[in-house]
1. Would you be able to tell me the number of residues in the range 53-63 that are under 13 Å from residue 200 (Cβ atoms) and aliphatic (A, V, I, L, M)?
2. Just need a number here: residues in the range 74-100 that are over 20 Å from the mean Cα position of the chain (by Cα) and surrounded by fewer than 12 Cβ atoms within 10 Å (Cβ to Cβ).
3. Identify, from the list 190, 166, the residue that is under 30 Å from residue 63 (Cβ atoms), assigned to a helix (DSSP H, G or I), within 19 Å of the chain's Cα centre (by Cα) and not aromatic (Phe, Trp, Tyr).
4. Please go through the range 45-63 and give me each residue that is open to solvent by 40 Å² or more (accessible area, probe 1.4 Å), in a helix (DSSP H, G or I) and in contact with a helix residue (DSSP H, G or I) (Cβ under 8 Å, 6 or more places away or on another chain), ordered by number.
5. Output yes when any residue across the range 159-167 is more than 27 Å from residue 77 (Cα to Cα) and open to solvent by 30 Å² or more (accessible area, probe 1.4 Å), and no when none is.
6. Which numbered condition in (1) in contact with a helix residue (DSSP H, G or I) (Cβ under 8 Å, 6 or more places away or on another chain); (2) within 25 Å of residue 104 (Cβ to Cβ); (3) touching a residue at least 24 places away in the same chain (Cβ under 8 Å); (4) open to solvent by 30 Å² or more (accessible area, probe 1.4 Å) is the only one that residue 184 fails?
7. Is it true that some residue in the range 64-73 is touching a helix residue (DSSP H, G or I) at 6+ places or on another chain (Cβ under 6 Å) and among the aromatic types (Phe, Trp, Tyr)?
8. Pull out all pairs, ordered by first then second residue, where Cβ-Cβ is under 7 Å, the residues are six or more apart or on different chains, the first lies in the range 133-161 and is closer than 13 Å to residue 47 by Cα and part of a loop (DSSP other than H, G, I, E, B), and the second is open to solvent by less than 10 Å² (accessible area, probe 1.4 Å) and of a type in the set (Lys, Arg).
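The values are calculated or read from the model by the stated rules, or taken from the named source; none is laboratory data. Remember, it's a predicted structure, so these values are computed and weren't measured experimentally. Here the Cβ positions follow ideal geometry from the backbone for every residue, glycine too, while neighbour counts run over all protein chains shown. Note: accessible area is taken over every heavy atom of the protein model, side chains too, but ligands, DNA and RNA are not part of it. Shrake-Rupley method; radii C 1.70, N 1.55, O 1.52, S 1.80 Å.
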Amino acid sequence: MDPSRTPETEPTPPERTGPDAAADAPARRVARRWPLISGAVAVVLAFLLGALILTRGNGRPIEADAEWMEEILEHRSPVWEVPALVMNFLGAGIAGVIVIPLLIVVTLLVLRRPWAALYFVIATVVSAGLVQLLKTLFGRARPEDMLITSDFGSFPSGHVANAATMAVALGIIFPWLWVWIAGAVYTVAMMVSRTYLGAHWLTDTIGGLLLGAGVAVVLWAPLAAKLDGENTIARRRAAAPAKAPESNR
């Protein structure tokens, strides 16, 4: 230990002061900046899209929906049904609602990221709740040419909303480019698979995308400092073992 340092001048490890102290200044200001506005705008746009569809044709497909579905029906093939059904399995049911989210939460807790785990759980639950609310509110009928069995309520797509929430939340928790790319690919694949299976119209998937991403961004705002602080602490923990051998030389 440096003799010039006293207990009063010795820096306090971030683990002792918590993630808030480890967060940088921009992260502390996030709650007062763009996430609340942009995320709320995305959620409102999802609501307005559903309202527009309902008022324009009483829930019937708009021109873009009809054209996209014609393309889908024309290019249906057993080769594409398998990946579409896999996405259907991953996006809902026991796998999508329980197993995958639980695995993510457990992983975050093992990595000592409790705030990230809490954020992921809240975002997932709120997103799913709003999906059911809008399904009940708009009551849009699903396409007739479905390859799977689904409950009533086509707008918005719950599979896509879940995928978008997961992608954005994990991209915020682990702010690496490859995480964002993987999340974007997964979400787009989910959108295509839902229309390919005839479970949703194109605008249903767009509404799910807006809703899921918007919820994740809105809920990020109040927890931004804690999540950023946990990231900083995790980086310091990872760097500590590498520095320890050098200090013993």
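1. 1
2. 6
3. Sole residue among the options that is under 30 Å from residue 63 (Cβ atoms), assigned to a helix (DSSP H, G or I), within 19 Å of the chain's Cα centre (by Cα) and not aromatic (Phe, Trp, Tyr): 190.
4. If the condition is that a residue be open to solvent by 40 Å² or more (accessible area, probe 1.4 Å), in a helix (DSSP H, G or I) and in contact with a helix residue (DSSP H, G or I) (Cβ under 8 Å, 6 or more places away or on another chain), then 45, 47, 54 are the ones that fit.
5. No.
6. The single condition residue 184 does not satisfy is (3).
7. yes
8. Hits for this filter: 155/140; 157/194.
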